[in-house]
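Trainee: This structure is in structure tokens; I'll ask about it shortly.
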Amino acid sequence: MKHQGIKAVVFDLDGTLLDTLDDLANATNWALRWNGLPERTLDEVRQFVGNGVQQLIRRAVPEGTSEEVFRKTFSDFKQYYVVHCQEKTCLYDGVPEMLKALKSQGYRLAIVSNKLQAGVDELYERYFNDTVEVAVGERPEVNRKPAPDMVMAALAALGVTADEAVYVGDSDVDLQTARNSGLPCISVLWGFRDRDFLVEHGATTMISTPAELVNLLIR
């Protein structure tokens, strides 16, 4: 893709660069348990993520839960997750090397995430501030993915156009986001969705390791 004029790579965060599933599941189940609701399995939480934490909790509470109980559970989740969001979260193997290799070849790197901006900022400072230039999270003035707003904001901050960028993510939401933004999408197979699911939702280019992305872009 290098010779095709690609200058920037826009990454999803959860399930693409960071394995956040255990911390998300632990916070979800703490909030459910605290409010007397049944807990969810790790695989259920895996299927619930992708559209932001509010949607995660809305999917996690039982069908028919009152709005009042939902709001309380969501509030409790946020309070717990802020404190415990980095207990098991870690970079996927090979991600640091991938980011450094892409940066060394002149690629401009950005993150777009449906996490709240404060959470994105904290994770950015811990893991990415030496390689990634821009990190856009959920905030009132920017519509969440799969709307293209976050991607457009990131590209504007990088000073590149949509035809100069590629999107990398792990979910159906990421495929939709890339389409809505006019970017080609590379789907990773180490994240929260499997190959069959991604193919069913339109994935055409898939990689099994971070090193494959480097080879794909720099070859």
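The values are calculated or read from the model by the stated rules, or taken from the named source; none is laboratory data. Everything numeric here is computed off the predicted structure, so don't read it as measured data. As a convention, Cβ positions derive from the backbone with ideal geometry for all residues, glycine included, and neighbour counts pool all protein chains shown.
Trainee: Within region 174-219, restricting attention to residues that are of a type in the set (D, E, K, R) and buried (at least 23 other Cβ atoms within 10 Å of the Cβ), which residue is farthest from ASP19 (Cα to Cα)?
Mentor: Here is the first cut: in region 174-219, the ones of a type in the set (D, E, K, R) are 174, 179, 193-196, 200, 212, 219.
Among the residues that remain, those that are also buried (at least 23 other Cβ atoms within 10 Å of the Cβ) are: 174, 193.
Values: ASP174: 16, ARG193: 12 Å.
Among those that are of a type in the set (D, E, K, R) and buried (at least 23 other Cβ atoms within 10 Å of the Cβ), it is ASP174.
Trainee: When you scan region 68-86, do you find a residue that is small (Gly, Ala, Ser) and assigned to a loop (DSSP other than H, G, I, E, B), even just one? Talk me through it step by step, then tell me what you get.
Mentor: Start the filter on region 68-86 by keeping residues that are small (Gly, Ala, Ser), which leaves 75.
Filter once more, keeping what is assigned to a loop (DSSP other than H, G, I, E, B): none.
The answer is no, given that none of the residues of region 68-86 is small (Gly, Ala, Ser) and assigned to a loop (DSSP other than H, G, I, E, B).
Trainee: Find the residue count for region 15-35, including only residues that are acidic (Asp, Glu), part of a helix (DSSP H, G or I) and surrounded by 17 or more Cβ atoms within 10 Å (Cβ to Cβ).
Mentor: Just the residues of region 15-35 that are acidic (Asp, Glu), to begin with: 19, 22-23.
Next, only the ones that are part of a helix (DSSP H, G or I) stay: 22-23.
With surrounded by 17 or more Cβ atoms within 10 Å (Cβ to Cβ) added as a condition, the list becomes 23.
Residues meeting the conditions: 1.
Trainee: What's the number of the condition PHE77 fails, among (1) exposed (fewer than 14 other Cβ atoms within 10 Å of the Cβ); (2) out of contact with any strand residue (DSSP E or B) (no Cβ under 8 Å at 6 or more places or on another chain); (3) under 23 Å from ILE57 (Cβ atoms)?
Mentor: Only one criterion is unmet by PHE77, namely (1).
Trainee: Within region 1-47, can you find the residues that are under 21 Å from the mean Cα position of the chain (by Cα), over 23 Å from GLY106 (Cα atoms) and among the small types (Gly, Ala, Ser)?
Mentor: If the condition is that a residue be under 21 Å from the mean Cα position of the chain (by Cα), over 23 Å from GLY106 (Cα atoms) and among the small types (Gly, Ala, Ser), then GLY15, ALA25, ALA27 are the ones that fit.
Trainee: Does VAL188 satisfy the condition of being in contact with an Asp or Glu (Cβ under 6 Å, 6 or more places away or on another chain), at pLDDT 95 or above and on the phi < 0 side of the Ramachandran plot?
Mentor: Values: in contact with an Asp or Glu (Cβ under 6 Å, 6 or more places away or on another chain): yes; at pLDDT 95 or above: yes; on the phi < 0 side of the Ramachandran plot: yes.
Against the criterion (in contact with an Asp or Glu (Cβ under 6 Å, 6 or more places away or on another chain), at pLDDT 95 or above and on the phi < 0 side of the Ramachandran plot), VAL188 qualifies.
Trainee: Now for a different question. Let me spell it out: the conditions are (1) modelled with pLDDT of 95 or more; (2) of a type outside the set (Val, Ile, Thr); (3) touching a strand residue (DSSP E or B) at 6+ places or on another chain (Cβ under 8 Å), and GLY50 meets all of them except one. Which number is the exception?
Mentor: That leaves (1) as the condition not met.
Trainee: Among the residues that make up region 85-102, is at least one of them of a type in the set (Gly, Ala, Ser) and modelled with pLDDT of 95 or more?
Mentor: Checked region 85-102: at least one residue is of a type in the set (Gly, Ala, Ser) and modelled with pLDDT of 95 or more.
Trainee: Does region 112-126 hold any residues that are basic (Lys, Arg) and closer than 17 Å to ALA153 by Cα, and which are they?
Mentor: The one that is basic (Lys, Arg) and closer than 17 Å to ALA153 by Cα: LYS115.
Trainee: Something else about it: For region 36-67, enumerate the residues that are part of a loop (DSSP other than H, G, I, E, B) and either hydroxyl-bearing (Ser, Thr, Tyr) or crowded, with 16+ Cβ neighbours inside 10 Å (or both).
Mentor: LEU37, ARG40, THR41, VAL49, GLY50, ASN51, GLY52, VAL61, THR65, SER66
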